[in-house]
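Novice: Have a look at this one before I ask anything.
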Ligand SMILES: [Zn+2]
Ligand SMILES: [Zn+2]
(Lines give C-alpha, C1' and ligand atoms only; values in the text may rest on other atoms or scores of the structure.)
(Ligands and ions follow the chains in the order given, each with its own letter.)
Protein backbone atom coordinates (compact mmCIF):
# COMPACT_ATOMS: atom_id res chain seq x y z
CA UNK A 1 0.00 0.00 0.00
CA UNK A 2 1.59 3.24 -1.20
CA UNK A 3 0.35 6.75 -0.60
CA UNK A 4 1.84 9.78 -2.29
CA UNK A 5 1.30 13.27 -0.93
CA UNK A 6 1.99 15.72 -3.74
CA UNK A 7 2.55 19.47 -4.11
CA UNK A 8 2.70 20.24 -0.39
CA UNK A 9 5.12 22.29 1.68
CA UNK A 10 6.88 19.96 4.09
CA UNK A 11 7.52 21.70 7.38
CA UNK A 12 9.97 20.23 9.85
CA UNK A 13 11.56 21.84 12.91
CA UNK A 14 14.58 22.56 10.71
CA UNK A 15 12.69 24.46 8.04
CA UNK A 16 10.42 24.07 5.05
CA UNK A 17 10.77 22.47 1.63
CA UNK A 18 8.54 21.84 -1.35
CA UNK A 19 8.44 18.07 -1.58
CA UNK A 20 6.28 15.10 -2.41
CA UNK A 21 6.12 12.50 0.34
CA UNK A 22 5.90 8.80 -0.38
CA UNK A 23 4.46 6.48 2.23
CA UNK A 24 4.79 2.73 1.98
CA UNK A 25 2.99 0.66 4.57
CA UNK A 26 3.49 2.37 7.91
CA UNK A 27 6.61 4.35 7.01
CA UNK A 28 7.71 7.37 5.08
CA UNK A 29 10.07 5.97 2.44
CA UNK A 30 11.03 8.95 0.27
CA UNK A 31 10.82 12.68 -0.27
CA UNK A 32 10.95 13.86 -3.90
CA UNK A 33 11.40 17.20 -5.58
CA UNK A 34 7.92 18.43 -6.49
CA UNK A 35 6.56 16.30 -9.33
CA UNK A 36 9.73 14.22 -9.69
CA UNK A 37 8.08 11.15 -8.26
CA UNK A 38 5.66 10.97 -11.14
CA UNK A 39 6.94 13.07 -14.03
CA UNK A 40 10.65 12.57 -14.30
CA UNK A 41 11.43 8.97 -13.76
CA UNK A 42 10.68 8.53 -10.08
CA UNK A 43 8.37 5.90 -11.44
CA UNK A 44 6.16 5.79 -8.41
CA UNK A 45 2.77 4.25 -8.77
CA UNK A 46 0.82 4.98 -5.66
CA UNK A 47 -2.44 3.43 -4.59
CA UNK A 48 -3.58 6.77 -3.27
CA UNK A 49 -2.49 10.27 -4.24
CA UNK A 50 -3.33 13.14 -1.91
CA UNK A 51 -2.98 16.61 -3.36
CA UNK A 52 -1.59 18.97 -0.71
CA UNK A 53 -1.16 22.04 -2.92
CA UNK A 54 -1.09 25.18 -0.81
CA UNK A 55 -0.95 23.14 2.38
CA UNK A 56 1.60 22.23 5.01
CA UNK A 57 2.74 18.63 5.42
CA UNK A 58 3.91 18.27 9.01
CA UNK A 59 4.80 15.47 11.41
CA UNK A 60 1.77 14.42 13.47
CA UNK A 61 1.31 16.16 16.79
CA UNK A 62 2.69 14.54 19.93
CA UNK A 63 0.87 15.45 23.13
CA UNK A 64 3.21 14.40 25.91
CA UNK A 65 0.83 15.07 28.79
CA UNK A 66 -2.66 13.55 28.86
CA UNK A 67 -4.82 11.87 31.51
CA UNK A 68 -7.43 9.70 29.80
CA UNK A 69 -9.99 8.30 32.25
CA UNK A 70 -7.82 9.33 35.18
CA UNK A 71 -9.35 8.89 38.63
CA UNK A 72 -9.37 12.24 40.43
CA UNK A 73 -11.41 13.61 43.31
CA UNK A 74 -13.91 10.77 43.38
CA UNK A 75 -14.60 10.65 39.66
CA UNK A 76 -12.79 9.80 36.41
CA UNK A 77 -11.65 12.07 33.60
CA UNK A 78 -14.51 11.94 31.12
CA UNK A 79 -12.51 10.94 28.04
CA UNK A 80 -11.66 7.28 27.78
CA UNK A 81 -8.64 6.25 25.75
CA UNK A 82 -11.09 5.58 22.93
CA UNK A 83 -12.89 8.94 22.91
CA UNK A 84 -9.80 10.96 23.81
CA UNK A 85 -7.53 9.54 21.15
CA UNK A 86 -10.26 9.88 18.52
CA UNK A 87 -10.59 13.55 19.40
CA UNK A 88 -6.81 13.86 19.29
CA UNK A 89 -6.79 12.44 15.76
CA UNK A 90 -9.41 14.97 14.67
CA UNK A 91 -7.08 17.68 15.90
CA UNK A 92 -3.90 16.45 14.21
CA UNK A 93 -2.32 14.63 17.13
CA UNK A 94 -1.01 11.15 16.32
CA UNK A 95 0.74 10.21 19.56
CA UNK A 96 -0.08 10.79 23.20
CA UNK A 97 1.95 10.07 26.30
CA UNK A 98 -0.43 9.38 29.15
CA UNK A 99 0.36 8.67 32.80
CA UNK A 100 0.25 5.24 34.43
CA UNK A 101 -0.45 5.71 38.13
CA UNK A 102 1.07 4.24 41.26
CA UNK A 103 -0.09 5.47 44.65
CA UNK A 104 1.21 4.99 48.17
CA UNK A 105 0.96 1.32 49.08
CA UNK A 106 0.51 0.14 45.48
CA UNK A 107 3.03 -1.66 43.33
CA UNK A 108 4.44 0.28 40.36
CA UNK A 109 4.18 -2.81 38.15
CA UNK A 110 0.48 -3.15 38.96
CA UNK A 111 -0.21 0.48 38.09
CA UNK A 112 1.58 0.14 34.79
CA UNK A 113 -0.18 -3.13 33.96
CA UNK A 114 -3.52 -1.51 34.69
CA UNK A 115 -2.87 1.37 32.29
CA UNK A 116 -1.74 -1.05 29.59
CA UNK A 117 -5.05 -2.79 30.06
CA UNK A 118 -7.04 0.44 29.86
CA UNK A 119 -5.28 1.74 26.75
CA UNK A 120 -4.52 -1.49 24.88
CA UNK A 121 -6.89 -1.98 21.94
CA UNK A 122 -8.67 1.27 22.72
CA UNK A 123 -6.51 3.92 21.05
CA UNK A 124 -6.99 5.45 17.62
CA UNK A 125 -3.41 6.73 17.65
CA UNK A 126 -0.11 5.58 19.10
CA UNK A 127 0.42 5.99 22.81
CA UNK A 128 3.01 5.68 25.51
CA UNK A 129 3.16 6.22 29.24
CA UNK A 130 5.05 8.15 31.84
CA UNK A 131 4.95 6.49 35.23
CA UNK A 132 3.49 8.43 38.14
CA UNK A 133 5.26 7.51 41.35
CA UNK A 134 2.69 8.65 43.88
CA UNK A 135 4.29 6.81 46.75
CA UNK A 136 8.09 6.84 46.98
CA UNK A 137 9.34 4.00 49.17
CA UNK A 138 11.86 1.18 48.96
CA UNK A 139 9.54 -0.92 46.80
CA UNK A 140 8.70 1.76 44.28
CA UNK A 141 12.32 2.89 44.05
CA UNK A 142 13.33 -0.67 43.30
CA UNK A 143 10.54 -0.97 40.73
CA UNK A 144 11.83 2.09 38.89
CA UNK A 145 14.72 -0.12 37.76
CA UNK A 146 12.38 -2.09 35.50
CA UNK A 147 10.85 0.93 33.74
CA UNK A 148 13.49 1.50 31.06
CA UNK A 149 13.09 -2.07 29.80
CA UNK A 150 9.35 -1.45 29.59
CA UNK A 151 9.98 1.54 27.33
CA UNK A 152 9.01 3.97 30.09
CA UNK A 153 11.85 6.45 30.43
CA UNK A 154 10.16 9.22 32.39
CA UNK A 155 8.30 9.34 35.67
CA UNK A 156 6.34 12.00 37.49
CA UNK A 157 6.21 13.16 41.06
CA UNK A 158 3.99 15.71 42.76
CA UNK A 159 4.98 18.44 45.18
CA UNK A 160 1.23 19.13 45.46
CA UNK A 161 -1.82 17.08 46.54
CA UNK A 162 -0.83 15.99 50.09
CA UNK A 163 -2.44 12.69 50.97
CA UNK A 164 -2.93 11.75 47.33
CA UNK A 165 0.20 11.87 45.16
CA UNK A 166 2.40 14.15 47.26
CA UNK A 167 6.11 13.47 47.63
CA UNK A 168 8.11 15.30 50.29
CA UNK A 169 11.65 16.56 49.75
CA UNK A 170 13.23 13.43 51.19
CA UNK A 171 11.23 11.23 48.83
CA UNK A 172 12.02 13.47 45.88
CA UNK A 173 15.71 13.36 46.69
CA UNK A 174 15.73 9.58 46.84
CA UNK A 175 13.76 9.21 43.61
CA UNK A 176 16.01 11.66 41.79
CA UNK A 177 19.10 9.76 42.91
CA UNK A 178 17.57 6.62 41.47
CA UNK A 179 16.52 8.41 38.28
CA UNK A 180 20.06 9.71 37.78
CA UNK A 181 21.39 6.18 38.05
CA UNK A 182 18.85 4.87 35.51
CA UNK A 183 18.74 7.79 33.07
CA UNK A 184 15.06 8.49 33.69
CA UNK A 185 13.61 11.95 33.17
CA UNK A 186 12.02 13.33 36.34
CA UNK A 187 8.80 15.17 35.60
CA UNK A 188 7.60 17.43 38.37
CA UNK A 189 4.27 18.94 39.30
CA UNK A 190 5.89 21.93 41.01
CA UNK A 191 3.52 23.59 43.46
CA UNK A 192 3.90 23.78 47.23
CA UNK A 193 0.91 21.58 48.09
CA UNK A 194 0.94 21.78 51.91
CA UNK A 195 1.04 25.59 51.88
CA UNK A 196 -1.65 25.74 49.19
CA UNK A 197 -3.92 23.52 51.27
CA UNK A 198 -3.63 25.92 54.22
CA UNK A 199 -4.43 28.93 52.03
CA UNK A 200 -7.41 27.12 50.52
CA UNK A 201 -8.72 26.16 53.94
CA UNK A 202 -8.44 29.76 55.15
CA UNK A 203 -10.29 31.06 52.08
CA UNK A 204 -13.11 28.58 52.52
CA UNK A 205 -13.35 29.51 56.23
CA UNK A 206 -13.84 33.12 55.10
CA UNK A 207 -16.71 32.03 52.87
CA UNK A 208 -14.67 32.36 49.67
CA UNK A 209 -15.79 29.12 48.08
CA UNK A 210 -16.29 29.88 44.39
CA UNK A 211 -13.96 28.53 41.69
CA UNK A 212 -12.23 31.90 41.39
CA UNK A 213 -10.52 31.25 44.73
CA UNK A 214 -8.91 28.12 43.36
CA UNK A 215 -6.70 30.56 41.47
CA UNK A 216 -6.06 32.66 44.56
CA UNK A 217 -5.15 29.74 46.79
CA UNK A 218 -2.65 28.40 44.26
CA UNK A 219 -0.60 31.60 44.26
CA UNK A 220 2.31 32.03 41.86
CA UNK A 221 4.72 32.11 44.82
CA UNK A 222 3.79 28.48 45.45
CA UNK A 223 4.81 27.58 41.90
CA UNK A 224 8.00 29.62 41.90
CA UNK A 225 9.11 28.20 45.24
CA UNK A 226 8.45 24.59 44.27
CA UNK A 227 10.10 25.04 40.88
CA UNK A 228 13.23 26.40 42.52
CA UNK A 229 13.27 23.62 45.11
CA UNK A 230 12.89 20.97 42.41
CA UNK A 231 15.71 22.54 40.43
CA UNK A 232 18.05 22.52 43.42
CA UNK A 233 17.24 18.93 44.30
CA UNK A 234 17.87 17.97 40.68
CA UNK A 235 21.11 19.91 40.71
CA UNK A 236 22.25 18.17 43.85
CA UNK A 237 21.50 14.74 42.42
CA UNK A 238 22.51 15.58 38.84
CA UNK A 239 19.13 14.29 37.65
CA UNK A 240 17.50 15.75 34.52
CA UNK A 241 14.31 17.61 35.37
CA UNK A 242 11.19 18.51 33.39
CA UNK A 243 8.68 20.85 35.02
CA UNK A 244 5.14 20.18 33.79
CA UNK A 245 2.30 22.62 33.14
CA UNK A 246 4.06 25.86 34.02
CA UNK A 247 1.94 29.00 34.27
CA UNK A 248 3.75 31.51 36.51
CA UNK A 249 6.27 33.86 34.93
CA UNK A 250 8.40 33.75 38.09
CA UNK A 251 8.58 29.96 37.84
CA UNK A 252 9.70 30.20 34.22
CA UNK A 253 12.40 32.63 35.37
CA UNK A 254 13.66 29.87 37.64
CA UNK A 255 13.86 27.46 34.71
CA UNK A 256 15.60 30.11 32.60
CA UNK A 257 18.11 30.70 35.40
CA UNK A 258 18.86 26.97 35.62
CA UNK A 259 19.20 26.63 31.86
CA UNK A 260 21.56 29.59 31.73
CA UNK A 261 23.73 27.63 34.13
CA UNK A 262 23.67 24.71 31.67
CA UNK A 263 21.57 22.48 33.87
CA UNK A 264 19.38 19.75 32.35
CA UNK A 265 16.16 21.54 33.24
CA UNK A 266 13.20 21.77 30.88
CA UNK A 267 9.83 23.49 31.03
CA UNK A 268 6.41 22.72 29.61
CA UNK A 269 3.42 25.02 29.38
CA UNK A 270 -0.09 24.33 28.09
CA UNK A 271 -2.49 26.13 25.72
CA UNK A 272 -4.63 27.27 28.66
CA UNK A 273 -1.72 29.24 30.11
CA UNK A 274 -1.16 30.96 26.79
CA UNK A 275 -4.76 32.02 26.17
CA UNK A 276 -6.93 31.80 29.31
CA UNK A 277 -6.69 33.95 32.44
CA UNK A 278 -7.63 34.43 36.07
CA UNK A 279 -9.54 37.58 35.21
CA UNK A 280 -11.51 36.30 32.26
CA UNK A 281 -12.18 32.59 32.75
CA UNK A 282 -11.86 32.14 36.53
CA UNK A 283 -13.77 35.40 36.84
CA UNK A 284 -16.54 34.23 34.51
CA UNK A 285 -20.22 33.93 35.39
CA UNK A 286 -23.19 32.66 33.38
CA UNK A 287 -26.93 32.51 33.61
CA UNK A 288 -26.86 28.76 33.94
CA UNK A 289 -24.11 28.42 36.50
CA UNK A 290 -23.61 31.85 38.07
CA UNK A 291 -20.07 32.20 39.40
CA UNK A 292 -19.71 28.44 39.26
CA UNK A 293 -19.28 28.90 35.49
CA UNK A 294 -15.59 29.34 36.26
CA UNK A 295 -15.35 25.69 37.35
CA UNK A 296 -14.94 24.91 33.66
CA UNK A 297 -11.42 26.29 33.93
CA UNK A 298 -10.31 24.91 37.27
CA UNK A 299 -7.01 23.19 36.66
CA UNK A 300 -3.65 23.01 38.40
CA UNK A 301 -1.44 24.92 38.12
CA UNK A 302 -4.24 27.50 37.87
CA UNK A 303 -4.95 30.06 35.20
CA UNK A 304 -2.90 33.17 36.04
CA UNK A 305 -3.45 36.89 35.90
CA UNK A 306 -3.14 38.37 32.44
CA UNK A 307 -2.62 41.81 34.00
CA UNK A 308 0.41 40.53 35.88
CA UNK A 309 1.88 39.40 32.56
CA UNK A 310 1.93 35.64 33.05
CA UNK A 311 0.33 34.79 29.68
CA UNK A 312 2.70 37.05 27.80
CA UNK A 313 5.62 35.50 29.68
CA UNK A 314 4.60 32.01 28.51
CA UNK A 315 4.67 33.11 24.87
CA UNK A 316 7.99 34.79 25.49
CA UNK A 317 9.36 31.62 27.06
CA UNK A 318 8.42 29.72 23.92
CA UNK A 319 10.28 32.31 21.84
CA UNK A 320 13.44 32.24 23.95
CA UNK A 321 13.32 28.46 24.45
CA UNK A 322 13.18 28.88 28.22
CA UNK A 323 10.06 26.76 27.68
CA UNK A 324 10.54 23.87 25.26
CA UNK A 325 7.16 22.21 25.07
CA UNK A 326 3.43 22.75 24.92
CA UNK A 327 1.35 19.78 26.06
CA UNK A 328 -2.30 19.90 27.00
CA UNK A 329 -2.47 18.23 30.44
CA UNK A 330 -5.74 16.97 28.94
CA UNK A 331 -7.87 15.95 31.94
CA UNK A 332 -11.51 16.68 31.05
CA UNK A 333 -14.48 16.62 33.38
CA UNK A 334 -18.09 17.42 32.56
CA UNK A 335 -19.85 20.20 34.44
CA UNK A 336 -22.78 17.91 35.17
CA UNK A 337 -22.07 15.49 38.03
CA UNK A 338 -18.29 16.03 37.87
CA UNK A 339 -17.23 19.68 38.21
CA UNK A 340 -20.51 20.03 40.13
CA UNK A 341 -18.96 18.04 42.98
CA UNK A 342 -17.37 21.31 44.01
CA UNK A 343 -20.44 23.49 43.77
CA UNK A 344 -20.18 24.51 47.43
CA UNK A 345 -16.41 24.33 47.82
CA UNK A 346 -13.84 24.91 45.10
CA UNK A 347 -11.54 22.36 46.69
CA UNK A 348 -13.89 19.57 45.58
CA UNK A 349 -13.91 20.57 41.90
CA UNK A 350 -12.02 17.96 39.87
CA UNK A 351 -8.98 19.70 38.41
CA UNK A 352 -8.60 19.64 34.67
CA UNK A 353 -9.31 21.06 31.23
CA UNK A 354 -9.88 19.19 27.97
CA UNK A 355 -7.72 20.36 25.08
CA UNK A 356 -6.22 17.31 23.38
CA UNK A 357 -8.16 18.08 20.20
CA UNK A 358 -7.11 21.71 19.92
CA UNK A 359 -3.41 21.99 20.74
CA UNK A 360 -2.15 21.86 17.14
CA UNK A 361 -4.68 24.51 16.08
CA UNK A 362 -4.19 26.76 19.11
CA UNK A 363 -0.46 26.81 18.58
CA UNK A 364 -0.87 27.41 14.88
CA UNK A 365 -2.84 30.52 15.77
CA UNK A 366 0.41 31.64 17.45
CA UNK A 367 2.03 31.48 14.00
CA UNK A 368 -0.81 33.51 12.48
CA UNK A 369 -0.51 36.07 15.28
CA UNK A 370 3.22 36.43 14.69
CA UNK A 371 4.22 34.96 18.05
CA UNK A 372 6.15 31.91 16.82
CA UNK A 373 7.55 30.83 13.47
CA UNK A 374 6.18 28.02 11.34
CA UNK A 375 9.11 25.76 12.15
CA UNK A 376 8.92 26.58 15.85
CA UNK A 377 5.27 25.51 15.72
CA UNK A 378 6.27 22.08 14.42
CA UNK A 379 9.10 21.90 16.91
CA UNK A 380 6.75 22.65 19.81
CA UNK A 381 3.91 20.34 18.83
CA UNK A 382 5.91 17.38 17.55
CA UNK A 383 9.69 17.42 17.25
CA UNK A 384 10.67 18.45 20.76
CA UNK A 385 8.21 16.08 22.44
CA UNK A 386 9.69 13.28 20.33
CA UNK A 387 13.26 14.17 21.32
CA UNK A 388 12.45 14.97 24.93
CA UNK A 389 10.85 11.58 25.48
CA UNK A 390 12.98 9.31 23.33
CA UNK A 391 10.99 8.81 20.13
CA UNK A 392 12.70 11.06 17.62
CA UNK A 393 13.40 9.51 14.21
CA UNK A 394 10.40 7.24 14.57
CA UNK A 395 8.19 10.20 15.46
CA UNK A 396 8.48 13.98 15.26
CA UNK A 397 9.85 14.44 11.74
CA UNK A 398 8.85 14.02 8.10
CA UNK A 399 11.78 12.07 6.71
CA UNK A 400 12.46 8.64 5.20
CA UNK A 401 12.42 5.94 7.84
CA UNK A 402 10.04 7.74 10.15
CA UNK A 403 6.58 6.46 10.95
CA UNK A 404 4.08 7.89 8.48
CA UNK A 405 2.44 10.07 11.12
CA UNK A 406 1.52 13.07 9.01
CA UNK A 407 -0.88 15.95 9.19
CA UNK A 408 -1.88 18.00 6.16
CA UNK A 409 -2.64 21.43 7.50
CA UNK A 410 -4.49 24.06 5.49
CA UNK A 411 -3.41 27.63 6.29
CA UNK A 412 -6.34 28.90 4.20
CA UNK A 413 -8.81 26.81 6.19
CA UNK A 414 -10.69 27.86 9.28
CA UNK A 415 -11.61 26.13 12.53
CA UNK A 416 -14.35 27.30 14.88
CA UNK A 417 -13.96 25.65 18.25
CA UNK A 418 -16.96 24.83 20.41
CA UNK A 419 -19.72 22.31 20.98
CA UNK A 420 -21.11 20.96 17.68
CA UNK A 421 -24.73 21.34 18.81
CA UNK A 422 -26.55 24.22 20.46
CA UNK A 423 -29.03 23.95 23.34
CA UNK A 424 -31.88 23.02 20.99
CA UNK A 425 -29.80 20.38 19.22
CA UNK A 426 -29.12 22.38 16.07
CA UNK A 427 -25.67 22.11 14.44
CA UNK A 428 -23.25 24.95 15.15
CA UNK A 429 -20.62 24.10 12.55
CA UNK A 430 -18.03 24.03 15.31
CA UNK A 431 -15.58 21.28 16.09
CA UNK A 432 -15.40 19.30 19.34
CA UNK A 433 -15.12 15.54 19.64
CA UNK A 434 -14.01 15.21 23.26
CA UNK A 435 -16.38 13.58 25.72
CA UNK A 436 -17.34 16.75 27.58
CA UNK A 437 -20.57 18.68 28.01
CA UNK A 438 -18.82 22.00 27.46
CA UNK A 439 -15.77 23.33 25.67
CA UNK A 440 -13.12 25.25 27.57
CA UNK A 441 -12.37 26.82 24.19
CA UNK A 442 -15.89 27.80 23.13
CA UNK A 443 -15.74 30.66 20.66
CA UNK A 444 -12.06 30.38 19.73
CA UNK A 445 -11.49 30.92 16.02
CA UNK A 446 -8.41 29.47 14.33
CA UNK A 447 -7.12 30.69 11.00
CA UNK A 448 -6.06 27.21 9.88
CA UNK A 449 -7.45 23.71 9.65
CA UNK A 450 -6.39 20.09 10.08
CA UNK A 451 -7.40 18.60 6.74
CA UNK A 452 -5.89 15.13 6.90
CA UNK A 453 -4.47 13.10 9.77
CA UNK A 454 -2.43 10.01 8.95
CA UNK A 455 -1.14 7.59 11.58
CA UNK A 456 1.43 4.96 10.51
CA UNK A 457 0.22 5.21 6.94
CA UNK A 458 -3.46 4.96 7.72
CA UNK A 459 -5.71 7.93 7.01
CA UNK A 460 -7.67 8.63 10.20
CA UNK A 461 -9.29 11.89 9.21
CA UNK A 462 -9.88 13.33 5.73
CA UNK A 463 -12.45 15.66 4.21
CA UNK A 464 -14.32 15.95 7.47
CA UNK A 465 -14.75 12.19 7.82
CA UNK A 466 -13.30 9.89 10.47
CA UNK A 467 -11.79 6.64 9.21
CA UNK A 468 -9.92 5.54 12.33
CA UNK A 469 -10.48 2.60 14.63
CA UNK A 470 -9.78 2.00 18.27
CA UNK A 471 -7.58 -0.97 17.50
CA UNK A 472 -5.12 0.99 15.36
CA UNK A 473 -3.02 2.68 18.06
CA UNK A 474 0.09 0.88 19.29
CA UNK A 475 2.13 1.25 22.43
CA UNK A 476 5.41 3.06 21.74
CA UNK A 477 8.41 1.85 23.69
CA UNK A 478 10.52 4.92 24.24
CA UNK A 479 14.27 5.36 24.57
CA UNK A 480 16.02 7.78 26.91
CA UNK A 481 15.59 11.51 26.38
CA UNK A 482 17.55 12.64 23.33
CA UNK A 483 18.40 16.01 24.88
CA UNK A 484 20.80 14.50 27.36
CA UNK A 485 24.44 13.73 26.75
ZN1 LIG B 1 0.12 18.04 37.58
ZN1 LIG C 1 -1.21 16.40 34.45
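Novice: Which condition number does residue 111 fail, the rest of (1) surrounded by fewer than 16 Cβ atoms within 10 Å (Cβ to Cβ); (2) over 15 Å from residue 186 (Cα atoms) being met?
Specialist: Residue 111 satisfies every listed condition except (1).
Novice: So, one more: Taking helices (runs of 4 or more DSSP H) that fall entirely within region 148-262, which contain at least 2 residues that are within 23 Å of the chain's Cα centre (by Cα) and within 16 Å of ligand 2 (Cβ to nearest atom)?
Specialist: Values: elements: 169-182, 193-205, 212-217, 220-237, 249-260.
The qualifying helices (runs of 4 or more DSSP H) are 220-237.
Novice: Take the residues in region 42-62 that are surrounded by fewer than 24 Cβ atoms within 10 Å (Cβ to Cβ), modelled with pLDDT of 95 or more and part of a strand (DSSP E or B), then tell me which one is nearest to ligand 1 (Cβ to nearest atom).
Specialist: The qualifying residue nearest to ligand 1 (Cβ to nearest atom) is 56.
Novice: Just a yes or no: is a residue in region 378-394 touching a residue at least 24 places away in the same chain (Cβ under 8 Å) and surrounded by fewer than 19 Cβ atoms within 10 Å (Cβ to Cβ)?
Specialist: Scanning region 378-394, I find no residue that is touching a residue at least 24 places away in the same chain (Cβ under 8 Å) and surrounded by fewer than 19 Cβ atoms within 10 Å (Cβ to Cβ), so the answer is no.
Novice: Determine if region 295-302 includes at least one residue that is within 20 Å of the chain's Cα centre (by Cα), more than 16 Å from ligand 1 (Cβ to nearest atom) and either in a helix (DSSP H, G or I) or in the same structural domain as residue 155 (by TED's automatic domain parsing) (or both). Break it down into steps so the answer makes sense when it comes.
Specialist: Of the residues in region 295-302, the ones within 20 Å of the chain's Cα centre (by Cα) are 296-302.
Applying the additional criterion that residues be more than 16 Å from ligand 1 (Cβ to nearest atom) yields 296.
With either in a helix (DSSP H, G or I) or in the same structural domain as residue 155 (by TED's automatic domain parsing) (or both) added as a condition, the list becomes 296.
Yes, some residue in region 295-302 is within 20 Å of the chain's Cα centre (by Cα), more than 16 Å from ligand 1 (Cβ to nearest atom) and either in a helix (DSSP H, G or I) or in the same structural domain as residue 155 (by TED's automatic domain parsing) (or both).
Novice: So, residue 372, is that one in contact with a helix residue (DSSP H, G or I) (Cβ under 7 Å, 6 or more places away or on another chain) and within 22 Å of residue 312 (Cα to Cα) or not? Before the answer, list the steps.
Specialist: Values: in contact with a helix residue (DSSP H, G or I) (Cβ under 7 Å, 6 or more places away or on another chain): yes; within 22 Å of residue 312 (Cα to Cα): yes.
Yes; evaluated as a whole, the condition is true for this residue.
Novice: For region 63-103, give me each residue that is more than 23 Å from residue 348 (Cα to Cα) and in a loop (DSSP other than H, G, I, E, B).
Specialist: Once the filter is applied, which keeps residues that are more than 23 Å from residue 348 (Cα to Cα) and in a loop (DSSP other than H, G, I, E, B), region 63-103 yields 91, 92.
Novice: Moving on. Which pairs turn up if I take residues in region 184-195 that are more than 14 Å from residue 221 (Cβ to Cβ) and at pLDDT 95 or above and look for partners that are assigned to a strand (DSSP E or B) and near ligand 1 (Cβ under 9 Å from one of its atoms) with beta carbon separation below 7 Å, at least 6 apart in sequence or on another chain?
Specialist: Every condition considered, the pairs that remain are 187/156; 189/156; 189/158.
Novice: Still on this structure: Being surrounded by fewer than 17 Cβ atoms within 10 Å (Cβ to Cβ), within 24 Å of residue 131 (Cβ to Cβ), away from ligand 1 (no atom under 16 Å from the Cβ) and modelled with pLDDT of 95 or more is true for just one of 253, 181, 201. Which residue is that?
Specialist: Details: 253 fails: within 24 Å of residue 131 (Cβ to Cβ); 201 fails: within 24 Å of residue 131 (Cβ to Cβ).
Testing whether each residue is surrounded by fewer than 17 Cβ atoms within 10 Å (Cβ to Cβ), within 24 Å of residue 131 (Cβ to Cβ), away from ligand 1 (no atom under 16 Å from the Cβ) and modelled with pLDDT of 95 or more leaves just 181.
Novice: While we're here: Given the residues 245, 189, 228, which is the only one that is in the same structural domain as residue 310 (by TED's automatic domain parsing), more than 16 Å from ligand 1 (Cβ to nearest atom) and closer than 26 Å to residue 385 by Cβ? It would help to see each step written out before you state the result.
Specialist: Numbers: 245 fails: more than 16 Å from ligand 1 (Cβ to nearest atom); 189 fails: more than 16 Å from ligand 1 (Cβ to nearest atom).
That would be 228, the only listed residue that is in the same structural domain as residue 310 (by TED's automatic domain parsing), more than 16 Å from ligand 1 (Cβ to nearest atom) and closer than 26 Å to residue 385 by Cβ.
The values are calculated or read from the model by the stated rules, or taken from the named source; none is laboratory data. In this text, all values refer to a predicted model and were calculated from it rather than measured experimentally. Glycine gets a Cβ as well: all are built from the backbone with ideal geometry, and neighbour counts include every protein chain shown.
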